[in-house]
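Let me begin by presenting the structure, written as C-alpha coordinates, before commenting on it.
The values are calculated or read from the model by the stated rules, or taken from the named source; none is laboratory data. Computed from a prediction, not measured in an experiment: that's the story for all the values here. Reconstructed Cβ throughout: ideal geometry from the backbone, glycine too, with neighbour counts over all protein chains shown.
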Amino acid sequence: MKALIQRVRQAQVAVDGKPIGAIEQGLVALIGIDKGDDETKAEKLLHKLLNYRVFSDDDGKMNLDLRQIDGGLLLVSQFTLSADTRKGLRPSFSSAAPPAEGERLFNYLVEKARGQWDKVATGEFGADMQVSLVNDGPVTFLLES
(Lines give C-alpha, C1' and ligand atoms only; values in the text may rest on other atoms or scores of the structure.)
Protein backbone atom coordinates (compact mmCIF):
# COMPACT_ATOMS: atom_id res chain seq x y z
CA MET A 1 0.00 0.00 0.00
CA LYS A 2 1.31 3.43 -0.84
CA ALA A 3 0.39 7.06 -0.41
CA LEU A 4 1.59 10.02 -2.38
CA ILE A 5 1.27 12.79 0.19
CA GLN A 6 1.30 16.51 -0.38
CA ARG A 7 1.51 19.14 2.33
CA VAL A 8 -1.26 21.62 1.56
CA ARG A 9 -2.68 24.92 2.71
CA GLN A 10 -6.09 23.73 1.51
CA ALA A 11 -7.57 21.00 -0.68
CA GLN A 12 -10.89 19.80 -2.02
CA VAL A 13 -12.20 16.82 -3.94
CA ALA A 14 -15.33 16.99 -6.09
CA VAL A 15 -17.44 14.49 -8.02
CA ASP A 16 -19.65 15.73 -10.85
CA GLY A 17 -18.67 19.28 -9.93
CA LYS A 18 -19.95 18.92 -6.34
CA PRO A 19 -17.48 19.13 -3.44
CA ILE A 20 -17.56 15.98 -1.33
CA GLY A 21 -14.49 16.47 0.86
CA ALA A 22 -12.30 19.39 1.86
CA ILE A 23 -9.57 20.31 4.34
CA GLU A 24 -7.67 23.41 5.31
CA GLN A 25 -3.97 23.05 6.22
CA GLY A 26 -2.88 19.42 6.29
CA LEU A 27 -2.14 16.49 4.00
CA VAL A 28 -3.67 15.18 0.81
CA ALA A 29 -2.94 11.47 0.57
CA LEU A 30 -3.49 9.75 -2.79
CA ILE A 31 -3.81 6.07 -1.88
CA GLY A 32 -2.68 3.18 -4.11
CA ILE A 33 -3.60 -0.38 -3.18
CA ASP A 34 -1.72 -3.33 -4.63
CA LYS A 35 -2.36 -7.07 -4.72
CA GLY A 36 -1.24 -8.54 -1.42
CA ASP A 37 -2.01 -5.42 0.61
CA ASP A 38 -3.95 -6.08 3.81
CA GLU A 39 -5.19 -4.50 7.02
CA THR A 40 -1.73 -4.61 8.60
CA LYS A 41 -0.28 -2.58 5.74
CA ALA A 42 -3.20 -0.14 5.93
CA GLU A 43 -2.60 0.39 9.66
CA LYS A 44 1.14 0.87 9.12
CA LEU A 45 0.45 3.42 6.38
CA LEU A 46 -2.05 5.25 8.60
CA HIS A 47 0.55 5.45 11.37
CA LYS A 48 2.92 7.11 8.90
CA LEU A 49 0.23 9.49 7.64
CA LEU A 50 -0.61 10.70 11.13
CA ASN A 51 2.96 10.85 12.43
CA TYR A 52 5.16 11.75 9.45
CA ARG A 53 6.96 14.99 10.31
CA VAL A 54 6.55 17.23 7.28
CA PHE A 55 5.33 20.47 8.86
CA SER A 56 7.69 23.23 9.88
CA ASP A 57 8.46 24.10 13.49
CA ASP A 58 9.34 27.60 14.68
CA ASP A 59 12.86 27.15 13.27
CA GLY A 60 11.60 26.21 9.80
CA LYS A 61 12.58 22.51 10.18
CA MET A 62 10.23 19.67 9.27
CA ASN A 63 9.67 18.45 12.83
CA LEU A 64 5.89 18.54 13.27
CA ASP A 65 3.29 15.96 12.32
CA LEU A 66 -0.34 16.34 11.28
CA ARG A 67 -1.71 16.20 14.82
CA GLN A 68 0.77 18.74 16.14
CA ILE A 69 -0.47 21.33 13.66
CA ASP A 70 -4.13 20.24 14.08
CA GLY A 71 -4.29 19.62 10.34
CA GLY A 72 -6.75 17.87 8.05
CA LEU A 73 -6.22 14.60 6.20
CA LEU A 74 -7.84 14.20 2.77
CA LEU A 75 -7.75 10.55 1.65
CA VAL A 76 -8.30 9.95 -2.07
CA SER A 77 -8.15 6.51 -3.71
CA GLN A 78 -5.86 6.57 -6.73
CA PHE A 79 -5.74 3.38 -8.78
CA THR A 80 -3.02 4.76 -11.06
CA LEU A 81 -0.45 4.77 -8.22
CA SER A 82 -0.30 1.00 -8.67
CA ALA A 83 0.87 1.30 -12.27
CA ASP A 84 4.06 -0.38 -13.40
CA THR A 85 5.77 2.23 -15.58
CA ARG A 86 9.17 0.59 -15.94
CA LYS A 87 8.63 -0.65 -19.50
CA GLY A 88 7.18 0.90 -22.60
CA LEU A 89 5.00 3.95 -22.96
CA ARG A 90 1.76 2.63 -21.50
CA PRO A 91 1.22 1.82 -17.81
CA SER A 92 0.40 -1.71 -16.69
CA PHE A 93 -2.01 -2.16 -13.82
CA SER A 94 -1.43 -5.87 -13.25
CA SER A 95 -0.07 -5.24 -9.74
CA ALA A 96 -3.16 -3.30 -8.59
CA ALA A 97 -5.61 -4.89 -6.20
CA PRO A 98 -8.92 -5.94 -7.78
CA PRO A 99 -11.54 -3.17 -7.42
CA ALA A 100 -13.59 -4.89 -4.69
CA GLU A 101 -10.49 -5.58 -2.58
CA GLY A 102 -9.15 -2.08 -3.18
CA GLU A 103 -12.43 -0.53 -2.08
CA ARG A 104 -12.59 -2.73 1.02
CA LEU A 105 -9.07 -1.77 2.09
CA PHE A 106 -9.57 1.90 1.27
CA ASN A 107 -12.74 1.94 3.40
CA TYR A 108 -10.84 0.14 6.18
CA LEU A 109 -8.13 2.83 6.05
CA VAL A 110 -10.75 5.60 6.20
CA GLU A 111 -12.56 3.95 9.12
CA LYS A 112 -9.32 3.55 11.09
CA ALA A 113 -8.25 7.12 10.26
CA ARG A 114 -11.56 8.53 11.50
CA GLY A 115 -11.18 6.48 14.67
CA GLN A 116 -7.82 8.13 15.37
CA TRP A 117 -8.30 11.65 14.02
CA ASP A 118 -11.37 13.85 13.71
CA LYS A 119 -10.27 15.91 10.69
CA VAL A 120 -10.52 13.28 7.94
CA ALA A 121 -12.18 13.91 4.58
CA THR A 122 -12.34 11.57 1.58
CA GLY A 123 -13.03 11.27 -2.08
CA GLU A 124 -15.30 8.57 -3.51
CA PHE A 125 -13.73 5.24 -4.38
CA GLY A 126 -13.81 4.53 -8.12
CA ALA A 127 -15.37 7.87 -9.04
CA ASP A 128 -14.07 10.35 -11.57
CA MET A 129 -12.83 12.95 -9.10
CA GLN A 130 -11.42 16.42 -9.46
CA VAL A 131 -8.86 17.23 -6.78
CA SER A 132 -7.77 20.81 -6.27
CA LEU A 133 -5.14 21.89 -3.80
CA VAL A 134 -2.60 24.50 -2.85
CA ASN A 135 0.64 22.57 -2.28
CA ASP A 136 2.60 24.16 0.55
CA GLY A 137 6.29 24.19 -0.30
CA PRO A 138 5.86 22.33 -2.57
CA VAL A 139 6.29 19.31 -0.30
CA THR A 140 5.50 15.87 -1.72
CA PHE A 141 6.55 12.39 -0.50
CA LEU A 142 5.81 8.79 -1.49
CA LEU A 143 5.11 6.65 1.57
CA GLU A 144 4.96 2.87 1.36
CA SER A 145 4.01 0.24 3.91
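The numbered conditions (1) over 14 Å from the mean Cα position of the chain (by Cα); (2) touching a residue at least 24 places away in the same chain (Cβ under 8 Å); (3) crowded, with 16+ Cβ neighbours inside 10 Å are all true for Ser95 except (3). Pairs linking a residue in region 115-138 that is in contact (Cβ under 8 Å) with a residue 24 or more places away in the chain to a residue that is in a loop (DSSP other than H, G, I, E, B) and surrounded by 17 or more Cβ atoms within 10 Å (Cβ to Cβ), with Cβ atoms under 8 Å and 6 or more positions apart or on different chains, are Trp117/Leu66; Lys119/Gly71; Met129/Gly123; Val131/Gly123; Asp136/Gln25. Being touching a helix residue (DSSP H, G or I) at 6+ places or on another chain (Cβ under 7 Å), modelled with pLDDT of 95 or more and hydroxyl-bearing (Ser, Thr, Tyr) holds for only one residue in Thr122, Thr140, and it is Thr122.
In the condition set (1) surrounded by fewer than 17 Cβ atoms within 10 Å (Cβ to Cβ); (2) more than 19 Å from Leu45 (Cβ to Cβ); (3) not basic (Lys, Arg), Thr140 is compliant with all but (2). Out of region 21-36, which residues are out of contact with any helix residue (DSSP H, G or I) (no Cβ under 7 Å at 6 or more places or on another chain) and part of a loop (DSSP other than H, G, I, E, B)? If the condition is that a residue be out of contact with any helix residue (DSSP H, G or I) (no Cβ under 7 Å at 6 or more places or on another chain) and part of a loop (DSSP other than H, G, I, E, B), then Glu24, Gln25, Lys35, Gly36 are the ones that fit. The criterion of being closer than 27 Å to Ala83 by Cβ, surrounded by 15 or more Cβ atoms within 10 Å (Cβ to Cβ) and of a type in the set (Lys, Arg) does not hold for Lys35. The number of residues in region 103-127 that are of a type in the set (Phe, Trp, Tyr) and in contact with a Leu (Cβ under 9 Å, 6 or more places away or on another chain) comes to 2. For the criterion of being in contact with a Leu (Cβ under 9 Å, 6 or more places away or on another chain), buried (at least 20 other Cβ atoms within 10 Å of the Cβ), of a type in the set (A, V, I, L, M) and farther than 13 Å from Ala3 by Cβ, Val76 fails. Apart from one condition, Ala83 fits all of (1) touching an Asp or Glu at 6+ places or on another chain (Cβ under 9 Å); (2) at pLDDT below 95; the exception is (1).
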